[in-house]
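The values are calculated or read from the model by the stated rules, or taken from the named source; none is laboratory data. Values in this document were obtained by computation on a predicted structure and should not be read as measured data. Here Cβ is always computed from backbone atoms with ideal geometry, including for glycine, and neighbour counts include all displayed protein chains.
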C-alpha cells in the first residue's frame, strides 16, 4: 500500500477494499483448517485463565466457541495438555467458568499465540480450583 495516498480517494479506497478482502479470505482458510468438523461460532470476549499448578491469571480474548471448546488469543505461549480454569466474561451477568484442556497452541503474529481449548467441565460459582466438579 502507498502511504502517500490521501485517505478517501478512489485509489486508496480500492487498496483498502483489496486488503480487507485478502484478510477475510485468509481468516476463512484458517477457520476451515482449525475448525475441523465442529460447528464454531465467532465469539469475541475478554477471558482469563489460570493454569493448574500456577496462580498467575493469563489475560486472553476468545475468537471462536463451540459446544466442546473455545479458541483463545494470548500473549503467552501455552502448552498442549495443560489444564486451566477458564473465565469467560458475560455481557448479562456473572462470568462463566470452565475447566479446560489446551489441545494446541500456535504462534499468531509477533508475540501473540492462538490456542484451542477443550471444555472438561463447567465450574459452578466464582471458583479458583482447577479440580473437576462434575
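Which one is farthest from residue 57 (Cα to Cα) among residues in segment 89-101 that are surrounded by fewer than 20 Cβ atoms within 10 Å (Cβ to Cβ) and in contact with a strand residue (DSSP E or B) (Cβ under 7 Å, 6 or more places away or on another chain)?
Selected residue: 90.
In this structure, does residue 85 turn out to be buried (at least 20 other Cβ atoms within 10 Å of the Cβ) and closer than 14 Å to residue 60 by Cα?
yes
When you scan segment 66-101, how many residues do you find that are closer than 10 Å to residue 117 by Cβ and within 15 Å of the chain's Cα centre (by Cα)?
Summing the residues that are closer than 10 Å to residue 117 by Cβ and within 15 Å of the chain's Cα centre (by Cα) in segment 66-101 gives 11.
Would you mention how many residues in segment 29-67 are modelled with pLDDT under 90 and on the phi > 0 side of the Ramachandran plot?
Residues flagged as modelled with pLDDT under 90 and on the phi > 0 side of the Ramachandran plot within segment 29-67 amount to 1.
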